[in-house]
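S.K.: My structure is below; once you've seen it, I'll send some questions.
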Amino acid sequence: MKRGAVQASPTFKEAARKACVPMTAGKGAVKAQYRAAILTSKNVRVVGSVDMDTAYCAAEPNSARWDYGLGLGLGNGAEWVCWVEPHPASSTSQVAKILAKLDWLEAKLLQPAFADFAQLTRQAKLNQSLVYVWLYEGANRISANSREARALALRGVALPKRQVSF
Amino acid sequence: MAKNRLVMHDIGPVMDADITFGDLTVIVGPQATGKSVFLQALKLVLDRDAIHDVFKHHNVVFDGNPSGFLGGYFGKGMASAWRDDSALQWNRKKMSLPDLAKPGKAKDRAARVFFIPAQRVMSLAGGVTQNFGQFNYGDPFTLRYFSSVIHDLVQNEFGAKGELFPQPNRLNDTLRKPINEHLYGGSKLVVDAKDFTKRLVLQVPGHKEGLPYTAWSAGQREFTPLLLGLYWLCPGGGISRREHIEWVVIEEPEMGLHPLGVTTVLLLVLELLRRGYKVVLSTHSTTVLDMVWALQEFKALQGTEADVRELFQLGGSAAAKELGKAAVGKDYRVYFFDRGCKVRDISGLDPGADSQAESQWGGLVGFASRTGDVIAKVVNRFEARPVKKRAVKAKAPAEVAP
């Protein structure tokens, strides 16, 4: 589907409600220190955000939990989700940790309560938008020609970014 | 005063370069961006008198004709490299190619730079070494001189011994082992004096006849002159370095080699650094930059010689430890020569650098980055594709049934 086309898809707000994950307006659920790293063009707005990590901290304290979901939308009402994980990129060993978090997130998206989030994720994939974003601060030691960078690509995760723009 | 700084402006294909050399300096960039001209200029600046003396020794006389000299030194066609607004400085001292084209009057005229050129394979035509006079006017001086050094080494020093590799008194076991394993695959490099010509051949275990040069792999043909150059730089008998030589320039050390072979050559580069040479490389190999990146990080993060040994899969011999110890103490620089741009310092090699020139290592990992991005996108698109209904699949056999 072409980006921007209107279709009957769930809203981010509705998806968060069904999944019982508290939604905050704009980038509110994202820790203040990471908000500046998330940029949008004038056509795209952040409709809301969820903090998955906090939401599941008590229930799944030992799981490798993904951090944030970011609801993005266009003026015509089309919405999709981008999953953002602030995480160190200080060594290639961090890649396995990111992929473990992605496993956790994908398992969640298979649950019935997360069906709307899964639909919004699919929408992001169809839009050819960034779906899973690894944000980092400090050093980045994940070389683009490393085995680990290829492992990330095969799971649909772009190389770690200091900033992401939608 | 700036130390070891070469500045070039509008000379041949070099638009603007301002390079301060480290213990190891690596230059990267696409073809025809002036890397080779820059390196040749470095040698000319440092070895002007030695170069003139070599030409004179071989009866090549330019009679003060700058164009003739520049064509003879850089290669034919380079006489016009110096233009009206061209500028050249070494450690802030202004120079010009037309001035350097005339012999100087210095007392100390010894060469300080040993240059292993990209065309080194031509120094062993058919496995036979070539001397200076066998080349023509217009062939680069760096190739002619390198060939003559190799020629003397093989015809005189090693000609009598017969065996070039392995050599117990040249390079230690830490270095010989990977050369044997990754470059010669257990074969011996020997001088075959049959037919009254000293010719290099490879003695393959189990074969009576030596393998002629033309039957070697491309990597072996490229590596052998490089090895001979390193033999010259690392004399045996407890002598660590060639007298007067301070700098070693190696153009594209990776030529024709598998990454395991490149890693072996890099070990030899570390050996040169350990011996106190300043080394300058031009390269198109990510393996070379991988090493520089790793060594820079080791330095920044208090890495040790053991980390260097782990990187190169070296054992715990005293020589390996010495090599590692020297490597973590050196200064590394990387510069990017790009078309129509000023040469950029990308020494940080930070994959997350704001500058694409640095994050993509002067374009060497640009394709790998793009590959990752595009594959991630395609993976996501594939996962979001509409899934065909099972009923359609079930129907298919019935439709094709007779």
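S.K.: Applying the selection to region B:332-358, what residues are crowded, with 22+ Cβ neighbours inside 10 Å and either acidic (Asp, Glu) or not in a loop (DSSP other than H, G, I, E, B) (or both)?
M.R.: Here is the first cut: in region B:332-358, the residues crowded, with 22+ Cβ neighbours inside 10 Å are B:334-337, B:343, B:346, B:349, B:351.
Correct list: B:Val334, B:Tyr335, B:Phe336.
S.K.: Oh, and also: Pull up region B:116-131, narrow it to residues that are in contact with an Asp or Glu (Cβ under 6 Å, 6 or more places away or on another chain) and outside any helix (DSSP H, G or I), then point me to the one that is farthest from B:Phe146 (Cα to Cα).
M.R.: Within region B:116-131, the first condition is being in contact with an Asp or Glu (Cβ under 6 Å, 6 or more places away or on another chain), and the residues that meet it are B:117-118, B:121.
When the remaining residues are screened for being outside any helix (DSSP H, G or I), the result is B:117-118.
On the way: B:Pro117: 8, B:Ala118: 11 Å.
Among them, the one singled out is B:Ala118.
S.K.: Taking region B:306-331 as the search range and keeping residues that are within 20 Å of B:Gly22 (Cα to Cα) and crowded, with 20+ Cβ neighbours inside 10 Å, which one is nearest to the other protein chains (Cβ to nearest Cβ)?
M.R.: Checking each candidate, the answer is B:Val308.
S.K.: Of all residues in region A:131-149 being at the interface with chain B (Cβ under 7 Å from one of its Cβ atoms) and out of contact with any strand residue (DSSP E or B) (no Cβ under 8 Å at 6 or more places or on another chain), which is farthest from B:Glu297 (Cα to Cα)?
M.R.: Filtering region A:131-149 for residues that are at the interface with chain B (Cβ under 7 Å from one of its Cβ atoms) and out of contact with any strand residue (DSSP E or B) (no Cβ under 8 Å at 6 or more places or on another chain), the one farthest from B:Glu297 (Cα to Cα) comes out as A:Ala149.
S.K.: Return the pairs, sorted by first residue and then second, in which the second residue is of a type in the set (Phe, Trp, Tyr), the first residue lies in region B:163-177 and is outside any helix (DSSP H, G or I), the beta carbons are less than 6 Å apart, and the residues are 6+ apart or on different chains.
M.R.: Cβ pairs passing all conditions: B:Leu164/B:Phe158; B:Arg170/B:Tyr231.
S.K.: Here's a follow-up. Which one is nearest to the chain's Cα centre (by Cα), of the residues in region B:184-231 that are under 30 Å from B:Tyr277 (Cβ atoms) and of a type in the set (Phe, Trp, Tyr)?
M.R.: Step by step, filter region B:184-231, then rank; the result is B:Phe223.
S.K.: A further question on this structure: Given the criteria in contact with a Phe, Trp or Tyr (Cβ under 6 Å, 6 or more places away or on another chain), under 30 Å from B:Gly348 (Cα atoms) and either modelled with pLDDT of 95 or more or more than 11 Å from chain B (Cβ to nearest Cβ) (or both), does A:Val84 qualify?
M.R.: yes
S.K.: When the residues of region B:132-150 are narrowed to those that are free of Cβ contacts under 8 Å to residues at least 24 places away in the same chain and assigned to a loop (DSSP other than H, G, I, E, B), which ends up farthest from the chain's Cα centre (by Cα)?
M.R.: B:Asn136
S.K.: Further question: Kindly state which strands (runs of 3 or more DSSP E) lie completely within region A:54-166 and contain at least 2 residues that are within 13 Å of the chain's Cα centre (by Cα) and of a type in the set (Gly, Ala, Ser).
M.R.: Numbers: elements: A:68-73, A:79-86, A:132-135.
Passing ranges, in order: A:68-73.
S.K.: From the list B:Gly104, B:Gly77, which residue is assigned to a loop (DSSP other than H, G, I, E, B) and more than 30 Å from B:Gly276 (Cα to Cα)?
M.R.: Numbers: B:Gly104 fails: more than 30 Å from B:Gly276 (Cα to Cα).
The conditions single out B:Gly77.
S.K.: Just to be sure before I move on: is A:Ala96 away from chain B (no Cβ under 14 Å), of a type outside the set (Phe, Trp, Tyr) and either more than 26 Å from B:Asp354 (Cα to Cα) or in contact with a helix residue (DSSP H, G or I) (Cβ under 7 Å, 6 or more places away or on another chain) (or both) in the structure I sent?
M.R.: No, not satisfied.
Conditions (1) modelled with pLDDT of 95 or more; (2) on the phi < 0 side of the Ramachandran plot; (3) in contact with a Ser or Thr (Cβ under 9 Å, 6 or more places away or on another chain), marked per residue:
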position: B:Asn172; (1), (2), (3): no, yes, yes
position: B:Val191; (1), (2), (3): no, yes, no
position: B:Lys194; (1), (2), (3): no, yes, no
position: B:Leu202; (1), (2), (3): yes, yes, yes
position: B:Pro205; (1), (2), (3): no, yes, yes
position: B:Glu222; (1), (2), (3): yes, yes, no
position: B:Pro225; (1), (2), (3): yes, yes, yes
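S.K.: Additional query: Given the criterion closer than 25 Å to B:Val280 by Cβ and either in a helix (DSSP H, G or I) or among the acidic types (Asp, Glu) (or both), identify the matching residue among B:Ala326, B:Ala306.
M.R.: Just one listed residue meets the conditions, B:Ala326.
S.K.: Same structure again: Surrounded by fewer than 23 Cβ atoms within 10 Å (Cβ to Cβ), within 13 Å of chain B (Cβ to nearest Cβ), in contact with an Asp or Glu (Cβ under 9 Å, 6 or more places away or on another chain) and within 18 Å of A:Ala16 (Cβ to Cβ) - does that describe any residue in region A:122-129?
M.R.: Yes: region A:122-129 contains one or more residues that are surrounded by fewer than 23 Cβ atoms within 10 Å (Cβ to Cβ), within 13 Å of chain B (Cβ to nearest Cβ), in contact with an Asp or Glu (Cβ under 9 Å, 6 or more places away or on another chain) and within 18 Å of A:Ala16 (Cβ to Cβ).
S.K.: To continue, here is another question. Of the residues A:Gln111, A:Gln119, only one is within 14 Å of another protein chain (Cβ to nearest Cβ) and either surrounded by fewer than 17 Cβ atoms within 10 Å (Cβ to Cβ) or at negative phi (or both); which?
M.R.: That would be A:Gln119, the only listed residue that is within 14 Å of another protein chain (Cβ to nearest Cβ) and either surrounded by fewer than 17 Cβ atoms within 10 Å (Cβ to Cβ) or at negative phi (or both).
The values are calculated or read from the model by the stated rules, or taken from the named source; none is laboratory data. Fair warning: this is a prediction, and the values are worked out from it, not measured in the lab. Every residue, glycine as well, gets a Cβ built from its backbone with ideal geometry; the counts of neighbours run over all protein chains shown.
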